[in-house]
Amino acid sequence: MTALKIRPGDQTRIMAILNVTPDSFHDGGRFIHPEQAIKQAKRLVAEGADILDIGGESSRPGSKPVEVVEEIRRVIPVIEAIRSEVMIPISVDTTKAMVAAKAIDAGADWINDISAGLIDPDILKVVADRAVPYVAMHMRGKPGTMQKNTSYHDIFEEINRYFEERLEAFIKAGITLDKLILDPGIGFGKSLEDNFRLIANLKRFSYHGCPILMGPSRKKFLSLAGGLETVDRLPASTAVVAFCAYNGADIVRVHDVAEAKQAISIGKFMKSTSVEKIHD
């Protein structure tokens, strides 16, 4: 198992997205064969990825769930093939306990669960038994319905309450705090304005003591800047990654690693550089 210690406030790491689905919103169908996936994985590592996140089920708004057997068929051969070629940690992006367990057996090191254990509670036992890092995301509802209700009385209070409840469940399941990473869920049941509020106020989630992951890459809310199609959103996506790094994100989950690496450098430099005050 490949280790990577994420410490809150240390440095912003890059989780590179590698989807092996025919219907993902940006790169669907391009990497479904192991040979294609290995080539892409090597490119992402060469560009500076710290973690590879492999997913076999699209979670775009309105997407349909995938059967366990089909998701296993998609991800396991790819994980096995990449593990033999790549040394950085591999994450499996899944909500299903059986997929998570088989992925770890195939060489995965992390579990990234957009439902934080609410879709398949048995996934928490897998995390506890295997003692692997676990990314728990905030999402209201499921991908097929999450954008139907994006109103919050106080989005920070509600997400933090959600995290507190899930942390209790994780600890009860035997998961140790040092294995947990929290994701506020950009684009998952959030309005355009609230997505930007979350990015600008990441510190409001830091008191849980867990690293924070942000996943803004090429998402629809970035169309505010004019990128109507995902292929047009790279500049806006890169700019938001810089802001995430500036505001304290410990991990950013992206499609475009080279651009994200530069953006993180700029964001961190801006944060570390004192601003000279100009007096009249």
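Work out from phi, with θ = phi - 60° and the Karplus expression 6.51 cos²θ - 1.76 cosθ + 1.60, the ³J(HN,Hα) of each residue of the stretch 64-75, listed in order in whole Hz, and give x for Gly and Pro.
Taking θ as phi minus 60°, the curve returns 9, x, 10, 5, 3, 4, 5, 5, 4, 4, 6, 8 Hz for the stretch 64-75.
Could you give the nm distance between label points at residue 201 and residue 122, where each point is 7 Å from its Cα heading toward the beta carbon?
3.9 nm
In debye to the nearest 20, how big a dipole does the stretch 13-270 give about its Cα centre with +1 on each Lys and Arg Cβ and -1 on each Asp and Glu Cβ? Numbers along the way, then the final one.
Working: 32 positive and 34 negative charges, 65 e Å.
Computed charge dipole of the stretch 13-270: roughly 320 debye.
Would you mind calculating the relative contact order of the stretch 13-270 from Cα pairs under 8 angstrom and at least 6 residues apart, reporting the percent as a whole number?
17 percent
Using a cut-off of 14 Å between alpha-carbon atoms, which aspartates and glutamates can reach residue 64, once sequence neighbours fewer than 8 places away in the same chain are excluded?
Qualifying aspartates and glutamates at Cα under 14 Å: 23.
Please compare each pair in 5/268; 179/203; 219/261; 96/220; 142/219 to a cut-off of 24 Å on the Cα-Cα distance and tell me which ones are over it. Please list the in-between numbers first.
Values: 5/268 19 Å; 179/203 20 Å; 219/261 18 Å; 96/220 26 Å; 142/219 17 Å.
Listed pairs above 24 Å: 96/220.
Using the Cα gyration tensor of the chain, with a ≥ b ≥ c the square roots of its eigenvalues, what is the shape: rounded (a/c below 1.5), prolate (a/b larger than b/c) or oblate (neither)?
Working: a/c = 1.39, a/b = 1.25, b/c = 1.11.
Because its axes are fairly even, with a/c under 1.5, the chain counts as rounded.
Please work out the FRET efficiency for the pair residue 47 and residue 223, using the Cβ-Cβ distance as r and a Förster radius of 25 Å; give the result to the nearest 0.05. Please report the intermediate quantities before stating the final value.
Values: r = 25 Å, r/R0 = 1.01.
The computed FRET efficiency comes out at 0.50.
Find which of 238, 149, 254 sits farthest along the positive direction of the dipole of the chain, computed with +1 on the beta-carbon of Lys and Arg, -1 on that of Asp and Glu, about the Cα centre.
Looking along the dipole axis, the top candidate is 238.
Computed FRET efficiency, Cβ-Cβ of residue 168 and residue 5, R0 22 Å: what is it to the nearest 0.05?
Numbers: r = 24 Å, r/R0 = 1.10.
After rounding, the FRET efficiency stands at 0.35.
Set the Förster distance to 25 Å, then compute FRET efficiency between residue 161 and residue 193 from the Cβ-Cβ distance, nearest 0.05.
Numbers: r = 20 Å, r/R0 = 0.81.
Plugging the Cβ-Cβ distance into 1/(1 + (r/R0)^6) gives 0.75.
Just add up the charged neighbours of residue 137: K/R +1, D/E -1, any other residue whose Cβ is under 13 Å from the Cβ of residue 137. Don't jump to the answer; show the numbers that get you there.
On the way: positive: 140, 142, 166, 190, 253; negative: 53, 93, 113, 183.
Taking every Cβ under 13 Å from that of residue 137, the sum is +1.
Let me have the 222 nm mean residue ellipticity of the chain computed from DSSP H runs of 4+ only, each contributing -39500 (n - 2.57), with the sum over all residues rounded to the nearest 500.
Numbers: 8 runs with 104 residues, N = 280.
Helix contribution divided over all residues of the chain: -12000 deg cm²/dmol.
Here, each number is a calculation from the coordinates, and none is a lab measurement. Only a predicted model underlies this, so the values are computations on that prediction, with no experimental measurement involved. Methodologically, a virtual Cβ is constructed for each residue, glycine included, from the backbone with ideal geometry; neighbour enumeration extends over all protein chains shown.
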